[in-house]
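Since the structure comes first, as structure tokens, the remarks are kept for the end.
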Amino acid sequence: MIGIIGGGIIGVATAYELAKLGEEVVVFEKRYFGSGSTFRCASGIRAQFTDEANIKLMKYSIERWKTLSEELGHNIMFQQTGYLFLATTEEEVEAFKKNIKLQNKFGVPTRLITPEEAKEIVPPLNADAFLAGAWNPEDGKASPFHTLYAYKKAGERLGVKFYEYTKVVGIEKDGSKWKIKTTRGEFKVDIIINATNAWAREINKMIGKDIIPVTPYKHQLVKTEPIERGQIEPLVCPPAWNDSYVIQDGEDGGVICGTALEYESSPDDVTPTYEFVKEVLKWAVKIIPALKHVHVVRQWAGHYAKTPDKNPAIGMIEENFYVAVGFSGHGFMMAPAVAQALAEKIVEGKTKVPLDWEWFDPWRFERGELRASAFQIG
Ligand SMILES: Cc1cc2nc3c(=O)[nH]c(=O)nc-3n(C[C@H](O)[C@H](O)[C@H](O)COP(=O)(O)OP(=O)(O)OC[C@H]3O[C@@H](n4cnc5c(N)ncnc54)[C@H](O)[C@@H]3O)c2cc1C
């Protein structure tokens, strides 16, 4: 029996992948499934990273995203509507060219486009403000709600037990097994996976292995009323404008707007701030001037669970105790690949997924190593 702590997209998708390989799995979630970062994310999926490990992982993940609705038997609303990064200076154009070269090397078809081409893709764009764009039409978006639901239902069909409002409060060794103490009683399992992301340290401390410095930062989004489809379908981001971005929600067409204003905070604190509304809208109307005529209807907060190099920690930290935590702003998009890789590694000892275990090694911080910082947005 494998016990997974944390019912976000990583925990739930990994439970499904393990069950597919014939394992008995139980998942503990202290609130409702998706209530952590997962249901608070911006839905974006991209292979436009700036290092080999993340580009390869995301290229594979996008292949999985393409067939996930069919595999899971539920429409997760995956759409390849692209990501459009926009440069405001010559230095940025040069940096884009370098990134594009690296992405192309691993089969990601990103290309440099002119402001005129960018305006054809995003008609209301303030194209005059930009010198060029980095455009990958194969990036995209999916519904975090439908995706988590689809994985959970598919897991249930394979026998996974999902316990919500069940907090893990302690872990003990019990012979060759682990005893997990929860608010719903005790469970004995052979293997534990810590998938609590921003809460990772609390769980790792329970086994005396506080080796992954995950720090939670509150990040927020606002969303407008629905606008006509087809106007801002890609995620549009000028990194020099405080990593601000806009993207039309794949389900109802409202515009989700984010920016890099963040606060170090407890992951249980999801109170939004007015300061964020002012900051994010300042940038959003610079990117898409017509947004000044559109009403904001929602605001919410969640957390980026950041390691010092903004790459997640994935692997074993104690015999039969694994982690997949610290996903910063890119855990939703990585979930299909990471879940498959972890499940195959645990059950079969190796995986088909091009996941670089050394790069994501949870012990790297103890050794004083940092990877190149993973490119994060917002
Ligand atoms: C504003 C914002 C925008 C984002 N945009 C994107 C995006 O566009 N694309 C993308 O890929 N990513 C994005 N992200 C990041 C993404 O949301 C996360 O990386 C991803 O959801 C992490 O999933 P997870 O399963 O690891 O963690 P979570 O979804 O946080 O799940 C962890 C779960 O563990 C549970 N838990 C904690 N402690 C315990 C305990 N003791 N017992 C039982 N359960 C426990 C929590 O309740 C929580 O539900 C965004 C995040 C935010 C905040």
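The values are calculated or read from the model by the stated rules, or taken from the named source; none is laboratory data. A quick note: this is a predicted structure, and the numbers were derived from the prediction, not measured. All Cβ positions, even for glycine, are placed from backbone atoms using ideal geometry, and neighbour counts span all protein chains on display. Accessible surface is based on the protein model in full, side chains and every heavy atom, while ligands, DNA and RNA are left aside. Shrake-Rupley method; radii C 1.70, N 1.55, O 1.52, S 1.80 Å.
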**OP:** For PHE187, work out the one condition from (1) open to solvent by 50 Å² or more (accessible area, probe 1.4 Å); (2) more than 10 Å from the ligand (Cβ to nearest atom) it doesn't fulfil.
**Re:** (1)
**OP:** Quick one: which residue in LYS282, LYS292 is away from the ligand (no atom under 16 Å from the Cβ), in contact with a helix residue (DSSP H, G or I) (Cβ under 6 Å, 6 or more places away or on another chain) and within 20 Å of VAL236 (Cα to Cα)?
**Re:** LYS292
**OP:** Run SER373 past the list (1) within 20 Å of TRP65 (Cα to Cα); (2) away from the ligand (no atom under 12 Å from the Cβ) and report the number of the one that doesn't hold.
**Re:** (1)
Subject >> Residue that is at pLDDT 95 or above, open to solvent by 50 Å² or more (accessible area, probe 1.4 Å) and assigned by the TED database to the domain that holds PHE360, where the choices are GLY22, GLY36, GLY7, GLY44 >> reply: GLY22
**OP:** Report the residue count in the stretch 192-210 for those that are more than 10 Å from the ligand (Cβ to nearest atom) and over 12 Å from VAL323 (Cβ atoms).
**Re:** 2
Original post:
What number goes with the only condition from (1) away from the ligand (no atom under 11 Å from the Cβ); (2) free of Cβ contacts under 8 Å to residues at least 24 places away in the same chain; (3) of a type outside the set (Phe, Trp, Tyr); (4) touching a strand residue (DSSP E or B) at 6+ places or on another chain (Cβ under 7 Å) that LYS181 does not pass?
Top reply: (1)
Original post:
Only one of (1) more than 16 Å from the chain's Cα centre (by Cα); (2) within 16 Å of the ligand (Cβ to nearest atom) fails for LEU72. Which number is that?
Top reply: (2)
**OP:** Return yes when ARG364 is touching a Leu at 6+ places or on another chain (Cβ under 9 Å), open to solvent by less than 10 Å² (accessible area, probe 1.4 Å), modelled with pLDDT of 95 or more and away from the ligand (no atom under 11 Å from the Cβ) and no when it is not.
**Re:** yes
Original post:
Is it the case that some residue within the stretch 29-52 is of a type in the set (D, E, K, R), away from the ligand (no atom under 12 Å from the Cβ) and over 19 Å from ASN194 (Cβ atoms)?
Top reply: yes
Original post:
Which members of the stretch 244-268 meet the condition of being free of Cβ contacts under 8 Å to residues at least 60 places away in the same chain and open to solvent by 50 Å² or more (accessible area, probe 1.4 Å)?
Top reply: ASP252, GLU262, TYR263, GLU264, SER266, ASP268
Original post:
Got at least one residue in the stretch 341-352 being within 11 Å of the ligand (Cβ to nearest atom), buried (at least 24 other Cβ atoms within 10 Å of the Cβ) and within 28 Å of GLU138 (Cβ to Cβ)?
Top reply: no
Original post:
Would the stretch 84-103 turn up any residue that is closer than 30 Å to THR182 by Cα, open to solvent by less than 10 Å² (accessible area, probe 1.4 Å), assigned to a helix (DSSP H, G or I) and away from the ligand (no atom under 16 Å from the Cβ)?
Top reply: no
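Which ones in the stretch 216-231 are away from the ligand (no atom under 14 Å from the Cβ) and either more than 18 Å from ARG298 (Cα to Cα) or of a type in the set (D, E, K, R) (or both)?
Within the stretch 216-231, GLU225, GLU228, ARG229, GLY230, GLN231 meet the criteria.
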**OP:** Answer yes or no: is there a residue in the stretch 307-323 that is open to solvent by less than 10 Å² (accessible area, probe 1.4 Å), aliphatic (A, V, I, L, M), within 28 Å of LEU125 (Cβ to Cβ) and within 12 Å of the ligand (Cβ to nearest atom).
**Re:** no
Original post:
Here are GLY170, GLY175: which of them is within 10 Å of the ligand (Cβ to nearest atom), more than 21 Å from the chain's Cα centre (by Cα) and surrounded by fewer than 21 Cβ atoms within 10 Å (Cβ to Cβ)?
Top reply: GLY170
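The rows are residues; the columns are (1) farther than 23 Å from ASP190 by Cβ; (2) of a type in the set (Ser, Thr, Tyr).
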residue: GLY7; (1), (2): no, no
residue: ALA13; (1), (2): no, no
residue: LEU18; (1), (2): no, no
residue: LEU21; (1), (2): no, no
residue: VAL27; (1), (2): no, no
residue: ARG31; (1), (2): yes, no
residue: SER37; (1), (2): yes, yes
residue: CYS41; (1), (2): yes, no
Original post:
If you go through the stretch 109-126 one residue at a time, do you hit one that is surrounded by fewer than 15 Cβ atoms within 10 Å (Cβ to Cβ) and within 20 Å of MET334 (Cα to Cα)?
Top reply: yes
Original post:
Under 8 Å by Cβ, and 6 or more places apart or on different chains, what pairs join a residue from the stretch 33-51 that is at positive phi with one that is open to solvent by less than 10 Å² (accessible area, probe 1.4 Å) and near the ligand (Cβ under 6 Å from one of its atoms)?
Top reply: GLY34/GLY7; GLY34/ILE9
Original post:
Pick from THR147, THR114, THR166: which is more than 25 Å from GLU228 (Cα to Cα) and either assigned by the TED database to the domain that holds GLU318 or not charged (D, E, K, R) (or both)?
Top reply: THR166
